[in-house]
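Visitor: Dumping the structure here so I can ask a few things about it.
The values are calculated or read from the model by the stated rules, or taken from the named source; none is laboratory data. All values derive from a computational prediction rather than experimental measurement. When we count neighbours, we look across all protein chains shown, and the Cβ atoms used for this are built from the backbone with ideal geometry, even at glycine. The area values use the complete protein model at the heavy-atom level, side chains included, leaving out ligands, DNA and RNA. Shrake-Rupley method; radii C 1.70, N 1.55, O 1.52, S 1.80 Å.
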Amino acid sequence: MQVAKILGVPFKTSGFEETVTHLTGRIDAGDRTHVVTANPEVVMVARSNPHFRAVLDQAYVVPDGIGIVYAARWLNYPMRERVTGIELMTALMERANAYGWSVYLLGASPDVIGKAASTLSTQYPQSRIVGVRDGYFCKEEEAAIVEDIAAKRPDLLFVALGSPRQDEWIHTYWEQIQVPLAMGVGGSFDVLAGAVKRAPLIWQKMHVEWLYRLISQPSRWRRQLAIPQFVAAVLREKWTQRMQS
Ligand code: UDP
């Protein structure tokens, strides 16, 4: 599977359907996968956080954001489309429904995770939600959470603790949890619970979902400052690439 190195982060270049098929195949074959859906903000965090960078090096990183797709194309990698966290989670839940996979949900507030779990079990009745735990726990409670996940042996583990914490968490406990597929899903439980609205389709199609998020959650502006910094860093990398060729 082809990889696009964007500012040092190894992204898979396959399209959405191919990604879902590949991940399903890995689950069937007993191969374990930590999926990270990364956008430009995540890449910029990795640049200044070597530990997180190492987590991404060992994970299956997919392009969650049009900024990543454009950056890949500027750097001459064949990347077709975004693979967003919420869409990938939905597609995996469809597979869980078809194959009777079990699912564990970790993260978000108690109210949100309860509503997200009931939405998912209504929409995907053949999947089995075997564990639900909110994301507001202290360090001392982690061992019990890890034990619970290991005991319930879900096929899929979705973790919403915010980035980069959710993926560092999965990485830290990777050997103990032994799940076939784990993925950080950011604010997806909030969207499923109806607490946060995803951008309308037209905004998504025009590739300005990031702008919608900024307008609807203005407190994110500080984080989104990473976007122009990302563009500048990619342009510098393209320039260096040109000078070397
Ligand atoms: N969250 C959590 N525990 C914490 C901090 C955050 O469970 O200590 C949850 C929060 O309630 C939300 C999710 O993590 O459901 C993070 O959402 P956000 O939109 O910030 O995700 P990101 O943009 O980081 O992917």
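Visitor: Sort out the exposed loop trypsin sites (Lys or Arg not before Pro) in the chain (DSSP loop, at most 16 other Cβ within 10 Å) and tell me the longest stretch that has none.
Guide: 81-196
Visitor: Counting only DSSP beta bridges with both residues in the chain, tell me the antiparallel percent, nearest 5.
Guide: So the antiparallel bridges amount to about 15 percent of the total.
Visitor: On to the next question. For the chain, what % of the accessible area comes from carbon and sulfur atoms, probe 1.4 Å?
Guide: 54 percent
Visitor: Separate question: Taking the Cα atoms only, what angle lies between the long axis of helix 16-29 and the longest principal axis of the chain, rounded to 10 degrees?
Guide: 50 degrees
Visitor: Restricting attention to the alpha-carbon atoms of region 100-245, what are Rg (one decimal) and Dmax (integer), both in Å?
Guide: 18.5, 56
Visitor: I would also like to ask the following. About the Cα centre of region 62-171, what is the dipole size in debye to 20, counting +1 per Lys and Arg Cβ and -1 per Asp and Glu Cβ, all else neutral?
Guide: Using Cβ point charges on Lys, Arg, Asp and Glu, region 62-171 gives about 380 debye.
Visitor: Residue separation times 0.36 nm, minus the C-alpha to C-alpha distance between Ala98 and Met1: what's the value?
Guide: Gain on stretching Ala98 to Met1: 32.3 nm.
Visitor: Kirkwood hydrodynamic radius for region 179-245: how many Å is it when counted over pairs of different Cα atoms?
Guide: Computed over region 179-245, the radius equals 14.8 Å.
Visitor: Name the lysines eligible as straight-distance cross-link partners of Lys115: C-alpha to C-alpha under 26 Å, and not fewer than 8 places from it in the same chain.
Guide: Here the lysines satisfying the reach criterion relative to Lys115 are Lys139, Lys152, Lys197.
Visitor: Same structure again: At a threshold of 8 angstrom on Cα-Cα distance, excluding pairs fewer than six apart, so keeping six or more, what relative contact order does region 60-192 reach in percent?
Guide: Answer for region 60-192 is 24 percent.
Visitor: In whole Å, what is the distance between the alpha-carbon centres of region 41-107 and region 12-29?
Guide: Distance between centres, Cα-based: 12 Å.
Visitor: Between Asn49 and Val196, what is the label-point separation in nm under the 7 Å Cα-to-beta-carbon projection?
Guide: So the two model labels end up 1.5 nm from each other.
Visitor: Here's another thing I want to ask about it. Quote the Stokes-Einstein diffusion coefficient, in whole µm² s⁻¹, for the chain, based on the Kirkwood radius over alpha carbon pairs, a temperature of 20 °C and a viscosity of 1.002 mPa s.
Guide: 116 µm²/s
Visitor: Here is a follow-up. Pick out, from Gly25, Val231, Ser48, the residue whose Cα sits farthest towards the positive end of the charge dipole of the chain, with +1 on the Cβ of Lys and Arg and -1 on the Cβ of Asp and Glu.
Guide: Val231
Visitor: Oh, and also: In whole angstrom, and with the biggest value first, how far do the Cα coordinates of region 1-87 range along each principal axis?
Guide: Answer, in whole Å and largest first: 36, 28, 23 Å.
Visitor: Let me ask another. Could you check the simple spin-label distance between His207 and Thr240, using points 7 Å along Cα→Cβ, in nm with one decimal?
Guide: Calculated label separation equals 2.4 nm.
Visitor: For the chain, with the dipole built from +1 on Lys and Arg beta-carbon atoms and -1 on Asp and Glu ones, taken about the Cα centre, which of Pro10, Val159, Asn76 lies farthest toward the positive end?
Guide: Farthest towards the positive pole: Asn76.
Visitor: I would also like to ask the following. For helix 110-123, report the angle its Cα long axis makes with the longest principal axis of the Cα atoms of the chain; keep it between 0 and 90° and round to the nearest 10°.
Guide: For 110-123 against the chain, the angle is about 80 degrees.
Visitor: Separate question: Using the crude model of +1 on Lys and Arg Cβ and -1 on Asp and Glu Cβ, and no other charge, please compute the dipole size for region 55-107 relative to its Cα centre, in debye to 20.
Guide: Dipole size: approximately 120 debye.
Visitor: Here's something else I'd like to know. What is the local net charge at Met243, summed over the other residues whose Cβ is closer than 12 Å to its Cβ (Lys, Arg +1; Asp, Glu -1)?
Guide: Taking every other residue near Met243 into account, the sum is +2.
Visitor: Let me ask you something else. What is the magnitude of the charge dipole of the chain about its Cα centre, with +1 placed on the Cβ of each Lys and Arg, -1 on the Cβ of each Asp and Glu, and no other charges, expressed in debye to the nearest 20?
Guide: That gives the chain a dipole magnitude of about 920 debye.
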